[in-house]
Structure formats: structure tokens, C-alpha cells
1. Given the structure, is Gln36 surrounded by 13 or more Cβ atoms within 10 Å (Cβ to Cβ), modelled with pLDDT under 95, over 22 Å from Gly162 (Cβ atoms) and polar (S, T, N, Q)?
2. What pairs come out if I take residues in the range 28-54 that are under 11 Å from Glu179 (Cα atoms) and pair them with residues that are among the aliphatic types (A, V, I, L, M) and part of a strand (DSSP E or B) whose C-beta lies under 7 Å away, six or more apart or interchain?
3. Can you confirm whether Lys5 is modelled with pLDDT of 90 or more and surrounded by fewer than 12 Cβ atoms within 10 Å (Cβ to Cβ)?
4. Hey, does the range 48-68 have a residue that's over 21 Å from Arg164 (Cα atoms) and modelled with pLDDT under 95?
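The values are calculated or read from the model by the stated rules, or taken from the named source; none is laboratory data. Because the structure is a prediction, the values reported are computed rather than measured. In this analysis, Cβ positions are derived from the backbone assuming ideal geometry, glycine residues included, and neighbour counts consider all displayed protein chains.
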Amino acid sequence: MNFVKYDPETHHRRSIRLRGYDYAQWGAYFVTVVTQHRICFFGDISDGKNIPNAPGRIAHASWIGLSGRFSVMSLDSFVVMPNHIHGIIIVGAQLIAPCSAPPNQEGIAREGAINRAPTLGEIIRTYKAVSTRMIRQTANPDFAWQRNYYEHIIRNEESLNGIRQYILDNPARWAFDPENPTTISPEPKDAWRIPDRTTLRSNVGATGRSALRIQPPSKGR
């Protein structure tokens, strides 16, 4: 499988997709979504703690609201920073809807429909649309997200826990954050990365796909 090296100047933080990978399958993903031009729309950091403003609170509430919009996904650790959000999203398995629609045109359209897990892209597009609309209507009409987003497929428990810790520590490390427009000593963009060494526990369900068993983050994350 060929990978394209990420260049922030060329790709403008576009998500790098794995060719042939099903982003609706059961799995955990580390996602970063950044504001347009890295503008700090969401507040500030003081003494290592988030000080969210109105747009920041909307961004936070909109992220939490994703679980209510998509029944076959769940949220793990996340943090809303002054100009971006880091989060772990767990996408569920595919479900086949029963073919019990009435014999009318609407029923024909629904017959055999798949009530599937959303793709990661669908989830992020929904988050961007909902949060943008709410922020522009109630707090800042100039708000915008950067095009696309960054994503990483979490493949093992060590990586999962390392990313959780990175998210927890993010506010305290704002001075070194590569998304901080005022930093003079940015840490690497992949500072969260841990080599894939431990395979996640899995069991194969009826679909033949491996369902990751992910323990919730410890209290405080």
C-alpha cells in the first residue's frame, strides 16, 4: 500500500485516506479539525487551562451532540483548543434494515436500504456544518473551518492510550502546539504518534470484520 507524505504547504491539512479502506467499519480514529487560517475563534489558554468563549462552547456542545445524531458511533477523549479540536471517534458496525416497507413508491425506495454506520467523513462534515451554522448565527458571522481535516486510524491499545494522554495534555502544551500561531518552538505535528506494536483485542462478528474492544478512558480524560 502506497502512502503520500503529508506536506502542510501542499495539502493544506487535507485528510490522507488509505486506499481501499472502509471508513464506515468498526474502528477508532484520531481526528483534528482546524479553523480557517488557524484563527483562535474558540477562546484562550491560561495557566494550561482552556478558557472557552461562546464559539468555543458551541464547538464543544456540537461535538458532544454527534453521539445523538449518529446512533452507531461514540466519542472518546476530545478537547477544544483555541483554534482546533482533537478527538477520538469510534465508528460502529453496519446494520441491515428489515424489508418491511409498504408497497408504495416511498416504500420501494426504502426496500432493502442499509441502515449503515456513517463514514468518518460524513461525521466530520456534519460536525462542521452544525457548528458553523450555530456559531455564525449566535456568536461570530465570520467563523469558518479549514478545508477538510486530519485523521489517523488507531490500530493498537498503546497508540489509543498515548493519543488519549496527548489530548489530555494538549492545553498545558499550547505554547508548543504547532497549530498555535504565536509559538516559536513548535513540537512535531505527529508528537502524539506511538509506534504500532500491540494489536488491539478483537473478535470477528457475523460480517467478518474485526470489532475493536476499546476500554473507556480513565476518569479525568
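1. no
2. Val33/Ile85
3. Against the criterion (modelled with pLDDT of 90 or more and surrounded by fewer than 12 Cβ atoms within 10 Å (Cβ to Cβ)), Lys5 does not qualify.
4. The answer is yes, given that some residue of the range 48-68 is over 21 Å from Arg164 (Cα atoms) and modelled with pLDDT under 95.
One line per residue, one yes/no per condition, for (1) in contact (Cβ under 8 Å) with a residue 12 or more places away in the chain; (2) over 27 Å from Glu122 (Cα atoms):
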position: Asn156; (1), (2): yes, no
position: Ile163; (1), (2): yes, no
position: Arg173; (1), (2): yes, yes
position: Phe176; (1), (2): no, yes
position: Thr183; (1), (2): no, yes
